[in-house]
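Structure record follows, encoded as structure tokens.
The values are calculated or read from the model by the stated rules, or taken from the named source; none is laboratory data. Note that the structure is a prediction, hence the values are computed from the model and not measured. Here the Cβ is made from the backbone with ideal geometry for all residues, glycine too, and neighbour counts use every protein chain on show. Remember, those area values only see protein heavy atoms, side chains included, never the ligands or the DNA or RNA. Shrake-Rupley method; radii C 1.70, N 1.55, O 1.52, S 1.80 Å.
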Protein chains: 2
Amino acid sequence: MHSDAIRPWEELAELIAKKDAAGLESFWRELPPEEAPRILDRLSGEDRARLLELMDAEQSAILVEYIPEHSAGEIIEKLPASNAAAILHELPSDEQADLINELHAPEARAILAEMEPEEARQVLQLSVYPGDVAGGLMITEYVAYRAAVTVDAVIQDLRKNRARYEDYNVLYMYVIDDVGGLAGVLRLRDALLSPARAALADLAHKSVSVGSRDSLEELEAYFERYPFLALPVVEDDKLVGVVERDAVQAALAARSEQAYRASQGIVLGEEVRSMPVLVRTGRRLSWLSVNIVLNVAAASVIAFFEDTLSAVIALAVFLPIVSDMSGCSGNQAVAVSVRELALGIARPGDVFRVWRQEVVVGLLNGVVLGLLIAAVAWGWRGSPYLGLVVGVALALNTVVAVSIGGMLPLVLKKAGRDPALASGPILTTVTDMCGFFLVLGLATLMLGKLVGA
Amino acid sequence: MHSDAIRPWEELAELIAKKDAAGLESFWRELPPEEAPRILDRLSGEDRARLLELMDAEQSAILVEYIPEHSAGEIIEKLPASNAAAILHELPSDEQADLINELHAPEARAILAEMEPEEARQVLQLSVYPGDVAGGLMITEYVAYRAAVTVDAVIQDLRKNRARYEDYNVLYMYVIDDVGGLAGVLRLRDALLSPARAALADLAHKSVSVGSRDSLEELEAYFERYPFLALPVVEDDKLVGVVERDAVQAALAARSEQAYRASQGIVLGEEVRSMPVLVRTGRRLSWLSVNIVLNVAAASVIAFFEDTLSAVIALAVFLPIVSDMSGCSGNQAVAVSVRELALGIARPGDVFRVWRQEVVVGLLNGVVLGLLIAAVAWGWRGSPYLGLVVGVALALNTVVAVSIGGMLPLVLKKAGRDPALASGPILTTVTDMCGFFLVLGLATLMLGKLVGA
């Protein structure tokens, strides 16, 4: 609309070029927050790094959270280690660990060396966990006291260390025994509303806890079952952290997002278009080149039946229809299985049950679609035999497609592979080959009736 | 493993048949929570309703949260209205409203009539908001006081109404003026750790707030920008509710999930395989029948070039390869655009920028893939012209596919349509038609060189 007005990212680049720290501060203060990702995306990597150097660590940390994790790692690496350490200090411990895991080892070591030893130790400790288990999602910002401590002593401690606890989400306090074992939990407000001389031991409830290696699915189930905002994480009988409901939700959202991207062929991590062209091209090609090999393999079935095809050239029109439609049906079954796996309704062992339930749907839909396409073929060429061939082929191939589409995600899950990612190309290749084979094979059997159609 | 052992859902069905309330209570207590969705899924709809009648409302509410929303509505409708009202009472207000929205009007009215008038009024008020704006995601369980109230009076009120606040997540308290306007906010613990006679007016900060019609994207941006666990929702300058970070995260996860399902052709709400076969068949067919029309339309391009095809039958092998590969390339571009839209990096108005950035990737990948397929064609048939035709067709069609795939989601978003859902079939139809046209059109132009290939 204001095509003559200066664009916000140009204004930002100018402020960075002028090293105008005060101008930058007011730029971000005035910017509506939902604009930030788009504007940061338009900056070059160098400008982003310069921007973070110019802003104070607290503001930089807010900006870092707007940048996709992979790019954030690249920018952090460009900063002097002391700046990077100061920014990391402002992030919650789980994000610190995620970011450190994105860096190359020398840069990561340099930054850790600039951090307070205790903080660096915690980051290192958290960074050993995979991102999708309780240990990788937990934070270490929690408060824990011995059972004999009184409410009054807790309040004294909270007041005294107010600065430190300022950024904690202190919702619960944990009660630990002499060796660091989790003895109970109570809500902050339950403690604060209790008599000053009450000991925590008398106020605490027995706590539900999760293991540091518990999977995202298990955490989801816990948070669905219990109304708590956070759960303590235990390893070797010791309290080691707290996983928040929010962190589990965010991880689930990221996983759904990843499943969607994978199903569409973006497989090597996220892509944003501000990445270098060769990176984007290379990543997409890695997936496409697998697909082209599978495609050529599937199409070789057509080459095998070339004589039939030249005798009944009308078949060529129906080959892509049968293979595409079966692919659609199969993908629907894949989506239902991926979802049932995620919800915990289906297990990898349920392959037979899933197959039984898919076959019925496949038969019904196959018959409907087969009749439709048979009518089109008959109407177009006036040959009931052509209709019979393509109709039966589509009906049978629909049953094949939903069977494979339904079972494949379970099998892949059992084999430890990503069901959303690998199902697509395997399914398509099989349904293509099988579809081509059914159309051309049936046509070969009925060649006498078909010639001239 | 224990194939002779009784399965947990059979045990559950038996307990329900025997109306063994105590047995049911211990069944759920002993069951690992992650088993619950799978077991509930195996029960018939009637058994699920009977189960909820047998359990107390609090436990029933926990079970209801395990059941996908659509099925939960069906079960709630089967219950006597008073039981349903008691279960609803145990749910947070946003879930009450969501569930009421799933019911048919007469059942919804009957249940609301059984609820306390104040609660029913709140549910009705919440149920007018769409599920993906602040009003639809907010809860009304929050505490608010006038500015002149002292810390001591707050503590008295919290203690007195402990039973009512028990299930609230009281993290913040809101300060309101005489007409219900939001005057400020403070954390519960900041209030509790302050002198007893301090007035809230002196402790409260100016609060960030969101509007009741603010979109999920805007809420996401707010929660990214601010570290708060909940934000107050304001309508007509009045405080009307609180939206929690957790609720926004859950809605984002559901949306990603929906995008994935839509991209795979599950479009009319979620499907689980325990739904009736005809419902599942019908829903999937509604999508497949759109696709078959588009498929037939695309394939009619082949029929148009039948003479060329019978002269050079080898082309039939390459038609599905060119159309499938272009579909893959286009879907990659769709996935990147859907993600950039969700992240706020791309806007519907960025169509030209997106196109420019896709064309480069499309050209590079098109050339690589075109060379590959040309080599296959040349090698197989010994005809460089066949290689030229299919290679050039694939290269050009890749550029077309990524251009459309990149821009389509933005255009659909601008038109208010779901970009993840509608992009797929439109893209595939265009890339199929265009791919068939390019292969057969180029072949027609070079027919003299190709015959015999």
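Figures for the structure shown
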item: The listed residue being farther than 30 Å from B:Val312 by Cα, surrounded by 19 or more Cβ atoms within 10 Å (Cβ to Cβ), within 7 Å of another protein chain (Cβ to nearest Cβ) and of a type in the set (Gly, Ala, Ser), out of A:Ala299, A:Ala259; result: A:Ala259
item: Pair list, Cβ < 8 Å and 6+ apart or interchain, from the range B:271-291 residues that are within 7 Å of chain A (Cβ to nearest Cβ) to residues that are charged (D, E, K, R) and open to solvent by 40 Å² or more (accessible area, probe 1.4 Å); result: B:Glu271/B:Arg283
item: Check on A:Phe228, open to solvent by 40 Å² or more (accessible area, probe 1.4 Å), touching a residue at least 12 places away in the same chain (Cβ under 8 Å) and of a type in the set (A, V, I, L, M, F, W, C); result: yes
item: Checklist (1) over 16 Å from B:Leu288 (Cα atoms); (2) open to solvent by 30 Å² or more (accessible area, probe 1.4 Å) applied to A:Ser383, failing item; result: (2)
item: Check on B:Gly265, at the interface with another protein chain (Cβ under 7 Å from one of its Cβ atoms), under 30 Å from A:Leu341 (Cα atoms) and modelled with pLDDT under 80; result: yes
item: Criterion: over 27 Å from the mean Cα position of the chain (by Cα) and away from chain A (no Cβ under 14 Å) - qualifying residue of B:Leu31, B:Leu54; result: B:Leu54
item: Criterion violated by B:Leu343 - all others in (1) more than 29 Å from B:Ala251 (Cβ to Cβ); (2) facing another protein chain (nearest Cβ under 9 Å); (3) within 31 Å of the chain's Cα centre (by Cα); (4) open to solvent by 10 Å² or more (accessible area, probe 1.4 Å) satisfied; result: (1)
item: Qualifying positions in the range B:235-256 - open to solvent by less than 30 Å² (accessible area, probe 1.4 Å) and more than 8 Å from every other protein chain (Cβ to nearest Cβ); result: B:Leu239, B:Val240, B:Gly241, B:Val242, B:Val243, B:Glu244, B:Ala247, B:Val248, B:Ala251
item: Subset of the range B:350-370 [within 11 Å of chain A (Cβ to nearest Cβ) and either open to solvent by 10 Å² or more (accessible area, probe 1.4 Å) or at pLDDT below 90 (or both)]; result: B:Asp350, B:Arg353, B:Trp355, B:Arg356, B:Gln357, B:Val359, B:Val360, B:Leu363, B:Leu364, B:Val367, B:Val368
